[in-house]
Every structure is written in C-alpha cells, then in structure tokens.
C-alpha cells in the first residue's frame, strides 16, 4: 500500500477517524479528500479470478466452473483436483477539489482448492470481502491560545474483512448443487500521529506529540447455497444466494475501554450465464443484488444502501499469439457501492475489463491475466471520487 501524496488540506477523512480517535488536537475544517475504502466498513472486494475479472467481473455460469468464490456449485464441475490463487494489486487516484492524490493496495482476492470424488466435490477457499486500506499524511498549522504550532499528521487504516469458506457440492446429471459455510474473520488497525513544530512566535514553547492506536477484530458467519446447470449444448447458467448473520467487531485501544459492536450483514443473490456462439466465441453475463441498507457503517457520517451489479463479457478462444493458443477476453461492468456520505448520492463503480489466458505445463496449469480501468463515485454528486487501474493474475493448477 502506497502513501497518499502530501496534501495542503486541513483534514483528510477526519469524519472517519474523528469519531473513533479521541484526544487529538483540533484544527479548522476544510475540504476533505476521502478514499472510498474509508467509508463505513470499507469497499466490497469481488472474490473472482482473473478470467472472470477480464469478462466483466462475472465469475458464475461458466461451463467448466471457476476458481472464483461466487457459486459453491461450481466445484462439482471440476474433473480433477484444482488449486487456484489470484493476486490483484490496484493503483488508485483519489480526486479532490484541491488536487489529486495517489495511493494503492494489493491483495490476494481468492485462494480456492477443490477435490472431486465420484459425483461429489469438497473444497475450501480463502476470499477477500471488505477492504479498508488507506494511508494519508498532510501538514497544517494549529492556532490556539498557547501559540501557533505547525504540525505534520499521519492517519492509517490497514486491514479489512475476509472469509474462510468450506464447500460441499454434488453433480446430478446436467445440474450441480452446492452449499457453503463461511467463517468471517479479519482485523483493522487504525493509527494516528501528530508531530508539532515549536511555536512560530516563541520557539521555546512546544507541544507534546499526540497519537492513538485502535485495533478492531472481526468475526461472523455466512451460509451460501448455489446451483449450476447445462440448459443446452453450450449454454450454462448458475445462481447462488447468501444468508449472513451479524458481524461482530471488538475494539481494543491504548488508553480506552474495549467495545463490541454488531452489524446486521446483508443477504445476497447472484446469477450468471454463458453461451457458446461459435466454436471460438463465448459470451457471458452476470449480475446480483445485496441488501446492504440494513448494515450501518462505523460512523454517523455514512449510510449504507442496497447494491446491484451487472457485468458482461466475451471470450475468443484459439487466438494464435507467438504460436501459442491464447484466449482473448473483453468486458464491461457496473456496480453500486454500499457506503456513501450521509445526504449524498450513492457511489457506483464502472470499469472496462480485458485480459487473456495461457495453458502451460503440458496443459496441467493455466495462467490468466486481467486489466481493469475504472472509476468510483462522483465528486459533485457523492462527494467522493477516484479512478483506478487493477491487475489480476491467476495461477490455476489442474483446472479443466
């Protein structure tokens, strides 16, 4: 994660940490520059592999299944044991009225393995769920009766929510069904530090640096049920539904009392389909809904709204590149984001996606790569805006 550029603003995301970190000296308010991952419980992370990312963020309804962590029924489509890992670094430009700032984050979005036995398959997956990473540093001046003190300040949030998913699926002819139990877990560390220079008028007067450290631990449970089917030759569909209980957050801060809070986490529904138009061309589409409106964020400054998403993509197989057969992919997607400042429009994310794949090791391994160019929010409407470029890289062993 890279640091936000030093900004000449008086507060950076003060609404987020201001309600959680006390004892800090105050400065006069001005325009904030807030990363999307600083809103509420963070920004949802799609637990998909690079192939799905290149095809408009779909990851459900594929004929051969997917090493994405969307549909638990997909593991029943594997003909042999499968292990896949996806790494997804991201560059972000946060836009503000006083200039832009650059940051970034990287994550393993999903690690999934499955073993088929007869008509059954069992699997485990580790998946990213919510991202809250950001870091900001800036300078300003504190004016108080004791004097005028320039200062440098740094605020950091590092962490988020992940899941450990245990899956069991069965194939019944052309239909596959699956069930999944997920353990929600994670940690968020918030830090704050302000270092003061001597008083401008009297250098003998100084202020003690102020600092705070807060740790949050996350825990919860989720159940997911899914199905996949081959409707006709070359036409496949899939759907899943998630039922999630409350997310428990426990805070432990230096000099503060432990505190426990619970958030009602949303139910979700996803669906997708793919169709082979020709021997080389396959098209796919997917969408979903998540009931985030019942899950309030970590501050009264933010509200949560329901989320819908949709993505479409096309894959051209057997394209020859340097004598190799390389499938080429392209897509587009749009999704709402759950958290937004109170009184402002809900944020949305749009992206153009593209990528390719390559089989290696005598067809026993596959490398997929995806590139996403997109934006989130609108500075005038939602008060938050950023553009991003994301790379997804998947290595899958023994996949069909």
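The values are calculated or read from the model by the stated rules, or taken from the named source; none is laboratory data. For clarity, every value in this text was computed on a predicted model and none was experimentally measured. Here Cβ is always computed from backbone atoms with ideal geometry, including for glycine, and neighbour counts include all displayed protein chains.
Values computed for the structure shown
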| quantity | calculated |
| --- | --- |
| Test: residue in segment 257-275 that is out of contact with any strand residue (DSSP E or B) (no Cβ under 8 Å at 6 or more places or on another chain) and at pLDDT below 95 | yes |
| Unique residue being touching a residue at least 60 places away in the same chain (Cβ under 8 Å), part of a loop (DSSP other than H, G, I, E, B) and touching a helix residue (DSSP H, G or I) at 6+ places or on another chain (Cβ under 9 Å) when the list is 79, 56, 65 | 65 |
| Residue under evaluation residue 351, criteria (1) over 15 Å from the mean Cα position of the chain (by Cα); (2) at pLDDT 90 or above; (3) surrounded by 22 or more Cβ atoms within 10 Å (Cβ to Cβ), criterion not met | (1) |
| Residue 380, sole failed condition from (1) in contact (Cβ under 8 Å) with a residue 24 or more places away in the chain; (2) surrounded by fewer than 17 Cβ atoms within 10 Å (Cβ to Cβ) | (1) |
| Those residues of segment 114-134 which are on the phi < 0 side of the Ramachandran plot and surrounded by fewer than 19 Cβ atoms within 10 Å (Cβ to Cβ), in sequence order | 115, 117, 119, 120, 122, 124, 126 |
| Considering residues of segment 283-315 that are assigned to a strand (DSSP E or B) and at pLDDT below 95 only, the residue nearest to residue 372 (Cα to Cα) | 304 |
| Any hit, segment 261-282, residues being in a loop (DSSP other than H, G, I, E, B) and surrounded by 20 or more Cβ atoms within 10 Å (Cβ to Cβ) | yes |
| Residues within segment 196-222 that are part of a strand (DSSP E or B) and surrounded by 15 or more Cβ atoms within 10 Å (Cβ to Cβ), tallied | 13 |
| Residues of segment 104-153 satisfying the condition of being over 30 Å from residue 181 (Cβ atoms) and outside any strand (DSSP E or B) | 145, 146 |
| Among (1) part of a strand (DSSP E or B); (2) out of contact with any helix residue (DSSP H, G or I) (no Cβ under 6 Å at 6 or more places or on another chain); (3) over 16 Å from residue 67 (Cβ atoms), the one test that residue 395 misses | (3) |
